[in-house]
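Read-outs throughout are calculated quantities, based only on the coordinates presented, and are distinct from any laboratory measurement. This one's a predicted model, so the numbers in the text were calculated from it and none came from an experiment. As a convention, Cβ positions derive from the backbone with ideal geometry for all residues, glycine included, and neighbour counts pool all protein chains shown.
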Amino acid sequence: MLKDVHHVSMYGLDLGGVQQFLDRHFGILPIKTEGADEAVASGMRVAAASLLKARVAIFPVGPSLLEFMQPRGRLGRHYDVVRRNGGKPTVSHICWKLEDISSRHAELLSRGADIRERDWAGMSAHGGYYVFNIVAEEAVRGVWFQFAENLTLSEVTAIEEGQVKTRSHAREVEATGHKWVSSDVPAGALKYVHHVCYEVWGLDYMVDYMRKVFGVEPFKREDVSSEGLRAASFHFGRTIAQFVEPTRFDDANADFALRFGNHPGFCGGGVSHVGWAVDNLDDRIRELSGSGVRFVQAQPVVSPLGGYRLIDTAPELSGGLTFQLCEDV
Ligand SMILES: [Fe+2]
């Protein structure tokens, strides 16, 4: 049922830094931005409510998108996620692609999924795709699942010609606001989402949930005691979803799961990191080093879960974000 990543959503406090890094080093430009401060630039007053709206930039990564949101002030649900992560940017949710989304919506409800939009698969507030959410609460161990299907071109045309009106759960979406998702953009250096890592308490419970609600089985289960974790890995399209349960006190995995993996309410968290696939990892590292990018590790390392090599970019020059670059072995 789950087919590939529709988008990775991240929240952080330096959208400009992320945007510049993606442009300069990976050749990726946003295909959509929202909430630029025209009013501030012109000296106009800003309505208080608009202070709660995050700034947004959405970047294409192969068949998927990277959505980055920056809260405008130190309040609201976006900021709460960043605050939980000590002010550092973090993944808020992964949105998975579904085909025939309204049938899948009904199917998931019938299997007991706690869907926020029970009555309909509504339009995203960004336009361009249908979306619904499984609420991040105890039934899913704090994980926020989101699902999407892009509008077809004929649906976009019907909306643009005024034959159909579209609403998100929050507001009406402008008729001109749908085409961006299908726009053709040149590919940058990041090819697709290689893996996403959910940190959860109760791995066996989570595997059982995935089986009963989504009808999927892990292709691999491991107990990596040297790293203080147990893991179950699933193939969703070409992306690997890793569910990791910490087994050690006072350890980075456990610290992250404590902040996000118990009961954050509808505000996200739970994904410790995302890996991005690149071609020819060693060439990329040479190129990036040459243009001033630094890395966390001196050399690429083999993932403790096996199957791929990885290296993390140092966060200082990319808005506090670490890009994990991956290549299968
Ligand atoms: Fe999303």
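Whenever a residue of the range 111-123 is closer than 21 Å to Ala175 by Cβ, its partners that are loosely packed, with under 15 Cβ neighbours inside 10 Å and of a type in the set (Ser, Thr, Tyr), lying with C-beta atoms within less than 7 angstrom and at least six residues away or across chains, give the pairs Ala121/Ser102. If you take the residues in the range 112-133 that are more than 13 Å from the ligand (Cβ to nearest atom) and either of a type in the set (A, V, I, L, M) or in contact with a Cys (Cβ under 9 Å, 6 or more places away or on another chain) (or both), which one is farthest from Val56 (Cα to Cα)? The extreme case among them is Ala113. Among the residues of the range 163-187, the ones that are closer than 14 Å to Gly122 by Cα and in a helix (DSSP H, G or I) come to 0 in all. Scanning the range 76-100 for residues that are away from the ligand (no atom under 15 Å from the Cβ) and either closer than 18 Å to Phe256 by Cβ or surrounded by 17 or more Cβ atoms within 10 Å (Cβ to Cβ) (or both) yields a count of 10. For the range 209-218, the condition of being out of contact with any Cys (no Cβ under 9 Å at 6 or more places or on another chain), closer than 30 Å to Arg24 by Cβ and of a type in the set (Phe, Trp, Tyr) holds for none of the residues. Restricting to the range 209-228, name every residue that is touching a residue at least 60 places away in the same chain (Cβ under 8 Å) and closer than 21 Å to Trp144 by Cβ. Scanning the range 209-228 gives Tyr209, Lys212, Val213, Phe214, Gly215, Val216. Pairs are defined by a Cβ separation below 6 Å, a sequence spacing of at least 6 or placement on different chains, a first member in the range 143-156 that is more than 11 Å from Val271 (Cβ to Cβ), and a second member that is away from the ligand (no atom under 16 Å from the Cβ) and not in a loop (DSSP other than H, G, I, E, B); the pairs so defined are Val156/Lys179. I'd like to verify a number: residues in the range 47-75 that are within 16 Å of the ligand (Cβ to nearest atom) and of a type in the set (Gly, Ala, Ser), how many? Residues in the range 47-75 being within 16 Å of the ligand (Cβ to nearest atom) and of a type in the set (Gly, Ala, Ser): 3 in total.
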